[in-house]
Every structure is written in structure tokens, then in C-alpha cells.
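First up is the structure itself, then whatever we jot down about it.
The values are calculated or read from the model by the stated rules, or taken from the named source; none is laboratory data. Just so you know, these numbers come straight off a predicted model, no measurement behind them. Cβ coordinates were reconstructed from backbone atoms using ideal geometry, including for glycine residues, and neighbour counts include every protein chain displayed. These area figures cover heavy atoms from the full protein model, side chains too; ligands, DNA and RNA do not enter into them. Shrake-Rupley method; radii C 1.70, N 1.55, O 1.52, S 1.80 Å.
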Amino acid sequence: MAGDVSGTSGLGSEPEPSDSMRTFGAVVQALREHAGLSREQLGEHVRYSKHTVASVEGGRRMPPPDFVERAEPVLGDTGVLRRSVPHVVRKPGLARWFRAWAQLETEAISLSTYECRMIPGLLQTKAYARTLFEYELPPLDDEQIEAQWEARAARQRLLRERPNTAFSFILDKHLFLRRMGAVEVAREQIDHVMEIAELRNVQIQVMPLVAHCGLHGPIVLLETDDNCTYAYSEGQESGQLISDPKVVSVFQRRYARMSAQALTPEDSLSLLQQIRGDL
């Protein structure tokens with residue numbers, strides 16, 4: 001899920017800015033205003049648009065090295081920017097709208113995921129995830145891609161670090177048929193899913209290419225240790241944690257029906273081995 005900076009599917013979203021990025025941006029803004037320059041004027045000096053200047057000042061964008069070098073002479077040449085930029089780091093966090101759900105994940109006794117768009121973030125390999133990131137719009141730079149992967153990898157540790165949590169995945173067959181980069185990426189991803197399926201606390205089922213009650217879209221459910229059940233719904237650049245018992249109940253019934261319609265875990269592994277062999 002956006003933003004692992006990501007949500008459950010793993011689609012990217014801009015990570016929440018770090019304190020150091022906000023602080024650096026505030027310093028740039030203060031120096032610019034002291035110099036009597038508008039964002040557009042500073043942008044002309046550093047050869048970036050006024051929108052980029054605004055993003056740096058707002059802590060939403062890492063300051064490019066040439067931005068700092070070109071900004072110093074016109075902002076007083078104090079050396080403040082040069083000295084402080086090495087300490088500016090992006091926080092490899094999660095999208096704001098995913099944080100509440102991510103916290104619940106760390107406390108869940110069960111987590112059930114149906115996905116029809118892409119391999120869920122909890123099951124993605126680094127190569128698969130990077131392929132997703134490379135198709136992001138607006139494009140991500142190398143540092144943003146690495147931050148997103150770090151956040152995703154941290155979430156994936158839940159599968160092994162919470163052996164008493166039951167993880168269930170229902171994955172549409174076409175997720176394994178869609179080519180994501182080179183053949184090696186697809187093979188590695190299938191191998192990884194089969195490896196994770198060997199964990200005692202993980203159940204993976206493949207949904208054949210048939211009509212079923214999950215055609216409305218992905219479903220994610222979790223139960224906490226105090227036996228409260230929540231659902232999560234994610235779209236483009238947004239996500240919603242659902243606690244309404246009536247809505248959660250509908251999702252639970254749909255998931256249960258799909259689990260009955262999907263291949264058994266054993267047959268699912270056989271199908272994955274067949275798909276891998278056909279690549």
C-alpha cells in the first residue's frame with residue numbers, strides 16, 4: 001500500500017519532512033528575506049524555480065548541493081548553509097495518512113490483506129519496490145527512493161519479529177503475471193513470496209482470474225490484542241482508517257468469502273512455481 005513511505009500497497013507518497021529539513025528551510029527563508037529577495041529572485045540566482053525554493057524553505061525538499069553553493073553568495077556568504085547542509089537528513093518515515101495504521105500494525109494479533117493492484121508492501125523485494133518507485137509521478141530522486149525502501153523494509157520486519165501475529169494474504173493471480181522490470185525481478189519476487197509463505201504465522205493464497213466479491217478493490221483488516229478490528233482503505237495519495245463496526249463487518253465478510261474462493265495455500269504455491277517456471 002502510499003507512502004512504507006508507503007501505504008500497504010507500497011505506492012509511494014512523500015515522506016513527512018524531518019526536523020532538520022524544516023530548520024534548514026527556515027534558515028534559507030530568513031536569510032532570503034533579510035537580503036530583500038523574493039523566492040523568484042532567489043530562484044534566478046540558484047537556477048531553480050520559485051516553486052523549488054518554496055519546497056526547500058518549507059522543508060519538503062532536500063536542498064540540492066548546487067542550490068546551497070549558489071545561494072551562499074547572495075544570502076550573505078556567511079557559510080551557514082554550507083556548514084548546516086551536511087546535517088540535513090530526510091526522515092525515512094511513512095506518509096502522514098498511513099501513520100495511524102502503521103502503529104496499529106505493530107500491535108496487531110492478526111493482519112489480513114487482499115490486494116489486486118500490486119504485491120503488498122510487506123511482501124515486496126527491494127528490486128520490485130524500486131521498480132514501483134521509478135514509475136512514480138512526480139518523479140522521485142535517489143534519496144527519496146532510498147527513504148521509501150528503508151521505511152518499507154522496516155515494516156517488513158513485522159513478519160518475522162511478531163511470530164504470534166497471524167498474517168493472511170490473498171493476492172490476485174495477475175499480480176504475478178504483470179512484468180515488473182526484468183525477468184529476474186519477477187522471479188526473485190515470486191521466490192520471496194514462496195519463502196515468506198513458509199513462515200508458520202503467514203498464509204498466502206492466490207485468487208484465480210475469476211469473478212469474486214473483492215472486485216471493489218483492496219481490503220486490509222487487523223485485530224488488536226484487545227480484540228478490536230479495524231479496516232484500512234487506500235487510494236491515490238490518501239488513506240482512511242475505518243473503525244465503524246458496520247463497515248468493518250462488511251469487509252470481514254468479503255474477505256472470508258474470498259478466502260473460500262481463493263486457491264488453498266498448497267495449491268497457491270504450486271501455481272506460483274508454475275508461473276515462475278514459465279517466465
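For the subset of the stretch 229-251 comprising residues that are out of contact with any strand residue (DSSP E or B) (no Cβ under 7 Å at 6 or more places or on another chain) and at pLDDT 90 or above, which member is surrounded by the most Cβ atoms within 10 Å (Cβ to Cβ)?
It comes out as Val250.
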Residues of the stretch 206-220 satisfying the condition of being closer than 25 Å to Tyr230 by Cβ and open to solvent by less than 10 Å² (accessible area, probe 1.4 Å): Met207, Gly214, Ile219, Val220
- prompt: Which of the residues that make up the stretch 52-75 are modelled with pLDDT of 90 or more, of a type outside the set (Asp, Glu) and loosely packed, with under 14 Cβ neighbours inside 10 Å?
  reply: Pro73
message: Any residue at all in the stretch 105-125 that's in contact with a Leu (Cβ under 9 Å, 6 or more places away or on another chain), open to solvent by less than 10 Å² (accessible area, probe 1.4 Å) and of a type in the set (Gly, Ala, Ser)?
response: yes
- prompt: Does Gln261 fit the bill of being touching a His at 6+ places or on another chain (Cβ under 8 Å), open to solvent by 50 Å² or more (accessible area, probe 1.4 Å) and not aromatic (Phe, Trp, Tyr)?
  reply: yes
field: Given (1) modelled with pLDDT of 95 or more; (2) open to solvent by 70 Å² or more (accessible area, probe 1.4 Å); (3) of a type in the set (D, E, K, R); (4) out of contact with any strand residue (DSSP E or B) (no Cβ under 9 Å at 6 or more places or on another chain), index of the condition Asp191 fails
entry: (2)
task: Tally the residues that are charged (D, E, K, R) and over 15 Å from Arg32 (Cβ atoms), restricting the search to the stretch 62-90.
output: 5
task: Name the single residue, out of those in the stretch 126-162 being among the basic types (Lys, Arg) and open to solvent by less than 80 Å² (accessible area, probe 1.4 Å), that is farthest from Ile109 (Cα to Cα).
output: Arg130
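Looking only at the stretch 245-267, which residues are among the hydroxyl-bearing types (Ser, Thr, Tyr) and in contact with a Leu (Cβ under 8 Å, 6 or more places away or on another chain)?
If we filter the stretch 245-267 for residues that are among the hydroxyl-bearing types (Ser, Thr, Tyr), which is where we start, we get 249, 255, 259, 264.
Selection gives Tyr255 alone.
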task: State which residue pairs qualify: first residue under 14 Å from Ser168 (Cβ atoms) and inside the stretch 255-273, second residue among the aromatic types (Phe, Trp, Tyr) in any location, beta carbons under 8 Å apart, and separation of 6 or more residues or different chains.
output: Tyr255/Tyr114; Met258/Tyr114
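Could you tell me which of the residues Leu175, Leu271, Leu209, Leu263 is closer than 22 Å to Phe133 by Cα and not in a strand (DSSP E or B)?
Leu175 is the lone residue from the list that is closer than 22 Å to Phe133 by Cα and not in a strand (DSSP E or B).
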field: Options Glu223, Glu195, Glu184: the member that is within 17 Å of Gln252 (Cβ to Cβ) and of a type in the set (D, E, K, R)
entry: Glu223
message: Residue pairs, Cβ under 8 Å, 6 or more apart or interchain, first in the stretch 205-233 and of a type in the set (Phe, Trp, Tyr), second at pLDDT 95 or above and not in a strand (DSSP E or B). List them.
response: Tyr230/Val248
query: From the list Ala182, Ala211, which residue is under 19 Å from Cys116 (Cβ atoms) and not β-branched (Val, Ile, Thr)?
result: Ala211
- request: Restricting attention to helices (runs of 4 or more DSSP H) lying wholly within the stretch 25-143, give those where 2 or more residues are within 27 Å of Ala197 (Cβ to Cβ).
  value: 99-105, 126-134
query: Between a first residue in the stretch 78-89 that is within 13 Å of Thr23 (Cβ to Cβ) and a second residue that is surrounded by 13 or more Cβ atoms within 10 Å (Cβ to Cβ) and not hydrophobic (A, V, I, L, M, F, W, C), which pairs have beta carbons less than 7 Å apart while being 6 or more apart in sequence or on different chains?
result: Leu81/Glu72; Val85/Pro63; His87/Ser20; Val88/Ser20; Val88/Pro63; Val89/Ser18; Val89/Ser20
field: Filtered residues of the stretch 163-176 (kept if open to solvent by 10 Å² or more (accessible area, probe 1.4 Å) and either at pLDDT below 95 or of a type in the set (S, T, N, Q) (or both))
entry: Asn164, Ser168
